[in-house]
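What follows is a set of notes on a single structure, which appears directly below.
The values are calculated or read from the model by the stated rules, or taken from the named source; none is laboratory data. Just so it is clear, the structure is predicted and the values come from calculations on it, not from any experiment. Glycine gets a Cβ as well: all are built from the backbone with ideal geometry, and neighbour counts include every protein chain shown.
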Amino acid sequence: MTGSPASSLPVLRLKRNEDKRLRAGHLWVFSNEVDNEALPLTSFVPGALARVHNSRDQFVGYACVNPHALICARLLSRDEFAPVNHALFVKRLRTALALRQRIYSGDCYRLVFGESDGLPGLVIDRYGDVLVGQIATLGMDTLRPMLEAAIQEVLAPRVLVWKNDSSARDLEKLPRQVDVAIGEMPDHLDVVEAGLQLQAPLAEGQKTGWFYDQAANRERLRRYLPQGARVLDVCSYVGGWALTALRQGAGSAACVDSSQPALDWALKNAAANGLELATHRGDAFDVLAQLHEQGERYDVVIVDPPAFIKRKKDQPQGEAAYRRLNQLAMRLLGDDGILVSCSCSFHLSQDALPTLIQAAATTLGRTAQILEFGGQSPDHPMHPAIPETRYLKTVFCRVTR
């Protein structure tokens with residue numbers, strides 16, 4: 001490597017024993033793990049590449065550095081002879097693509113899931129020849145031209161949109177913005193899932209447009225769905241759960257969401273697939289209480305809310321919200337109903353959601369039986385050394401009196 005660009009990179013040296021987690025497979029370096037006496041973290045150009053060495057000056061990996069962030073570096077390569085360049089991005093993208101093509105017959109899925117695909121700070125969803133990505137880190141944002149060239153080589157998309165409007169960018173002091181890198185901004189995204197032809201908004205839509213992470217769980221609902229069931233989809237967005245249930249044999253379905261545009265898209269999707277859908281606009285807690293007062297009852301209620309616990313300090317308040325929402329949902333179930341309870345909060349542990357469900361059932365004098373646990377779909381693979389990549393929890397419950 002002597003004389004190569006990689007050998008000339010500045011060295012981010014770690015304190016003693018701070019390479020253990022990285023050696024075990026994690027990709028993040030925290031600012032308090034850096035040996036500032038060897039080379040101050042503040043001396044690094046924000047977003048620039050660096051060589052990460054341990055306290056014995058042994059090579060650990062290549063990383064992008066952001067001296068102003070708590071996670072001050074993220075590894076992109078552990079191979080000293082595989083520096084961060086166009087070839088590395090092409091390899092990572094081809095490896096990610098090969099997995100999705102093995103799993104799915106179509107071309108609608110999450111193509112890149114950040115750290116799990118060796119591309120920390122990057123998410124890309126595929127909608128046929130349209131790609132929608134999000135970049136959450138300064139390092140990946142700095143490498144964007146190289147990344148775009150690799151995307152063009154591997155996939156040659158008709159459209160590539162960067163929907164960089166998430167709050168995660170605030171932590172890296174990055175602006176929130178939406179950019180079209182290739183082609184023209186589409187009005188909507190076309191999704192094919194479980195035999196349904198669906199559309200989702202892009203510019204005004206949530207995250208990257210569609211929640212592929214719940215696809216496997218929506219398919220899993222089939223085994224618990226009574227023929228002709230009445231289904232309520234709470235925090236429905238554009239109706240993914242409700243429409244899947246109708247296609248699986250439900251007799252009727254209703255969506256609850258605070259966004260009227262989302263409900264309008266849900267109705268449009270229902271009509272396009274020859275299905276009928278009812279909608280209720282409003283805060284989920286309020287609508288569920290109103291439906292109970294009106295005497296409405298359902299055979300299946302799905303609650304799939306946004307993350308109530310975005311930061312560790314939000315845990316007490318967030319757990320109370322999950323318990324309350326599940327309790328309101330249970331009140332709408334008949335004597336023998338199915339509750340599908342979801343949480344996308346990483347800070348809510350795998351064991352916590354069943355505990356909150358049980359607390360809600362006890363308060364109502366009901367009995368809950370957990371039938372199955374679901375997680376994120378396989379296009380959102382979990383990295384065994386990075387707990388943060390496992391965030392989605394879905395619990396299928398039977399609720400009786």
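Within region 146-181, the residues that satisfy the criterion of being touching an Asp or Glu at 6+ places or on another chain (Cβ under 8 Å), crowded, with 17+ Cβ neighbours inside 10 Å and among the β-branched types (Val, Ile, Thr) are Val159, Val161.
Here's the yes/no breakdown for (1) under 21 Å from the mean Cα position of the chain (by Cα); (2) of a type in the set (D, E, K, R):
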position: Leu288; (1), (2): no, no
position: Asp299; (1), (2): no, yes
position: Val303; (1), (2): yes, no
position: Arg311; (1), (2): yes, yes
position: Asp314; (1), (2): yes, yes
position: Gly318; (1), (2): yes, no
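Would you mention how many residues in region 46-66 are surrounded by fewer than 24 Cβ atoms within 10 Å (Cβ to Cβ), in a loop (DSSP other than H, G, I, E, B) and not hydroxyl-bearing (Ser, Thr, Tyr)? Selection size over region 46-66: 7. Does Val29 fit the bill of being within 28 Å of the chain's Cα centre (by Cα), over 23 Å from Glu148 (Cα atoms), among the β-branched types (Val, Ile, Thr) and modelled with pLDDT of 95 or more? Taking the combined requirement at face value, the residue satisfies it. Checked against the criteria, Ala254 counts as at pLDDT 95 or above, of a type outside the set (Lys, Arg) and touching a His at 6+ places or on another chain (Cβ under 8 Å).
Among the residues in region 289-309, are any buried (at least 20 other Cβ atoms within 10 Å of the Cβ), among the hydrophobic types (A, V, I, L, M, F, W, C) and either part of a helix (DSSP H, G or I) or assigned by TED's automatic domain parsing to the domain that holds Leu22 (or both)? Within region 289-309 (the criterion being buried (at least 20 other Cβ atoms within 10 Å of the Cβ), among the hydrophobic types (A, V, I, L, M, F, W, C) and either part of a helix (DSSP H, G or I) or assigned by TED's automatic domain parsing to the domain that holds Leu22 (or both)), the answer is yes, since at least one residue qualifies. Selection of first residues in region 330-343 that are closer than 14 Å to Trp241 by Cα and of second residues that are aromatic (Phe, Trp, Tyr), restricted to Cβ pairs under 6 Å at least 6 apart or on distinct chains, gives the following pairs, ordered by first then second residue: Ile338/Tyr224; Val340/Phe396. Taken together, the residues in region 347-391 that are out of contact with any strand residue (DSSP E or B) (no Cβ under 7 Å at 6 or more places or on another chain), touching a residue at least 60 places away in the same chain (Cβ under 8 Å) and of a type in the set (D, E, K, R) amount to 1. Of the helices (runs of 4 or more DSSP H) entirely within region 120-177, those holding at least 2 residues that are modelled with pLDDT of 95 or more and of a type outside the set (D, E, K, R) occupy 138-142, 144-155.
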